[in-house]
Amino acid sequence: MQKEMLIQKSKELLWLPFTQMQDYEADPLVIEKGEGVMLYDTEGKSYYDGYSSLWLNVHGHKKKELDDAIKAQLDKVAHTTLLGAANRPAIELAERLVQLTPEKLKRVFYSDSGAEAVEIGLKIAFQYWRNKGFHEKTKFVTVTNGYHGDTVGAISVGAVDIFHTTYKPLMFDSYKIPFPTIYRNELVDHKEIRDQSLDELEKVLSGNGQEIAAVIMEGMVQGAGGMHIMPEGYLKGVERLCKEYDVLLIVDEVATGFGRTGKMFAVEHEEVEPDIMMIAKGITGGYLPIAATMTTEKIYDAFYADYTELKTFFHGHSYTGNQLGCAVALANLDIFEKDDVIEDVEKKAAFVRGQLTSLKSLPHVGDIRQLGLMIGIELVADKQLKQPFPWTERVGYQTTLKMRELGMLSRPLGDTIVFMPPYASSYEDLKAMIAIMEQAIMEVTSKLGVSI
């Protein structure tokens, strides 16, 4: 099919996720291939993959070791069901995951995406208490501006209004406490911000703990909620309160796991051991859709019984534990170990932090939030007042379109520019991507009649 026809057919036939198709028709893009940290469209134009193909590519595209792992597994079998029968790659990957994750996590339940992993975690937490005889513990606590995916359960414990409000009649109610957001907070001291949010959580748990099954939140960084980072000690404080009031702690590491924050998993920053943890995205290096919900043995034991007791976890997906995905995930973890990827991420994160200082001086960069190679750059109309642009002006979106024109792909979160490069990016690549972001911000804001 000719490139012009591909673009036309994409407009006629596809319905793209999180995309207003009127926007896509005005600025279409069809990716043809990728290599390293670069992507190429049907016109032959190259782009830096500045958001790791939606936060999940780790070692770049066409990574030989990952390609070879899929090919080798394909010579054996592409897929068999995990319902009632295990397979070799799923077993081997589970063993590796148990070794890598916090010590309490001993069981691996596979699925196909982060949102599905979250649904599974919620259902496990709910049924755990029922299996234990505590039928009243049915509620969840989450934080404002949290995001856990787009299935009905996941949005019910999410709180990004622009994504979730439309579906409110479908959602179940959950308790929402304030996330300890530092930017635009009337409090200045980070400890006070932390403690204020923890106090709110304790009020909810002390007054309603008997009906609360679990607290759920992302690991250290709110992703889709705007790249907001927890103040030091907050996640550890949440863990303490969950133990004190006998509720489960669920940590969503879908975006933050596998090195993105400078640790293999974000909970390691504060030595937190959740009862349930969801992982996905970087698990296969960004190659295939594998996700996992990990639990403690204590939770697993509550489901282990004679069939007649009806404690079985009745949940599953057709491609759960897919051999191709598990095989490439194993190869991905081999690369992490062989190439000291976590140490490399820490070094590159420090380099990026230094390079981003040039953006801090721009009059419409209000805040730069970074943990590892997970970075959000918030654009504002008035830097001193921290006043946002009118959302209808879509300054973030216009900036990413300019970045595309300059040779780099990303997607904004409102007016927060996401910068989450593949770990394989060289220092020269990182410097070039930051320069593109800087130029795009300057050009877009100057068109709004603002002096740069």
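The values are calculated or read from the model by the stated rules, or taken from the named source; none is laboratory data. Note that the coordinates shown come from a computational prediction; the quantities given were computed from them, not determined experimentally. Cβ atoms come from the backbone with ideal geometry, glycine included; neighbour counts cover every protein chain shown. With ligands, DNA and RNA removed, areas are computed over all heavy atoms of the protein, side chains included. Shrake-Rupley method; radii C 1.70, N 1.55, O 1.52, S 1.80 Å.
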Could you run the Karplus curve 6.51 cos²θ - 1.76 cosθ + 1.60 with θ = phi - 60° over the range 365-377 and give me ³J(HN,Hα) per residue in whole Hz, x for Gly and Pro?
9, x, 7, 10, 10, 9, 9, x, 9, 10, 9, x, 10
At 20 °C in a medium of viscosity 1.002 mPa s, the range 154-203 has a Stokes-Einstein diffusion coefficient, with Rh taken as the Kirkwood radius over alpha carbon pairs, in µm² per second, of 171
Taking a probe of 1.4 Å, how large is the accessible area per residue of the range 340-433, in Å²?
41
Pairs Lys104/Lys348; Lys176/Lys360; Lys176/Lys298: which are spaced more than 29 Å apart, C-alpha to C-alpha?
Lys104/Lys348; Lys176/Lys360
If the viscosity is 0.890 mPa s and the temperature 25 °C, what translational diffusion coefficient in µm²/s does Stokes-Einstein give for the range 284-334 when Rh comes from Kirkwood over Cα pairs?
186
The list (i) 154; (ii) 134; (iii) 145 gives values of volume of the Cα convex hull per residue in Å³, and only one came from this structure; which label was calculated from it?
(i)
Placed amide H near Asp41: partners under 5 Å, 5+ positions off or other chain:
Glu32
CD proxy, 222 nm, the chain: helix-only mean residue ellipticity via -39,500 (n - 2.57) per DSSP H run with n ≥ 4, per residue, nearest 500, stands at -11500 deg cm²/dmol
On average over all directions, what projected area in square nanometres does the range 403-452 have, based on the convex hull of its Cα atoms?
3.9
Once you order the gyration tensor axes a ≥ b ≥ c over the Cα atoms, which shape class does the range 245-328 get: rounded for a/c under 1.5, otherwise prolate or oblate by comparing a/b with b/c?
oblate
Looking at this model, which pairs from Lys191/Lys431; Lys62/Lys431; Lys64/Lys281 are more than 27 angstrom apart at the alpha-carbon?
Lys191/Lys431
Beta bridge orientation in the chain: antiparallel %, DSSP, nearest 5
65
Once you wrap a convex hull around the alpha carbon atoms of the range 295-400, what is its projected area averaged over all directions, in nm²?
13.2
Percent of accessible area on the chain owned by carbon and sulfur, 1.4 Å probe?
53
Can you list the HN-Hα couplings for the range 291-304, worked out from phi with the Karplus curve (6.51, -1.76, 1.60; θ = phi - 60°), rounded to whole Hz and with x for Gly and Pro?
9, 8, 10, 10, 9, 6, 5, 4, 5, 4, 4, 5, 9, 8
Quick note, the range 148-283: a/c under 1.5 would make it rounded; otherwise a/b > b/c is prolate and the rest oblate (a ≥ b ≥ c, C-alpha gyration tensor); here it is rounded
Give me the percent relative contact order of the chain, please, defined on Cα pairs under 8 angstrom at least 6 residues apart.
20
10 Å binning of all Cα-Cα separations within the range 367-440, expressed as whole percents from 0 upward:
19, 51, 25, 4
Taking the alpha-carbon centre of each part, the distance from the range 267-311 to the range 334-362 in Å is 29
Gyration tensor on Cα atoms of the range 1-126, a ≥ b ≥ c root eigenvalues, a/c under 1.5 rounded, else prolate if a/b beats b/c, else oblate, says prolate
Residue-count net charge about Val160 - beta-carbon cut-off 12 Å; Lys, Arg +1, Asp, Glu -1:
-2
What do you reckon, how do Leu371, Leu333, Leu83 stack up by accessible area (1.4 Å probe), largest on top?
Leu83, Leu371, Leu333
Using a 1.4 angstrom probe, figure out how much accessible area the range 1-157 has per residue, in square angstrom, rounded to the nearest whole.
53
Count charges around Arg130 for me, please; just the other residues with Cβ under 14 Å from its Cβ, Lys/Arg as +1, Asp/Glu as -1.
+2
For the range 315-368, the Cα-Cα pair-distance distribution in 10 Å bins from 0, as whole percents, is 19, 24, 21, 21, 14, 1
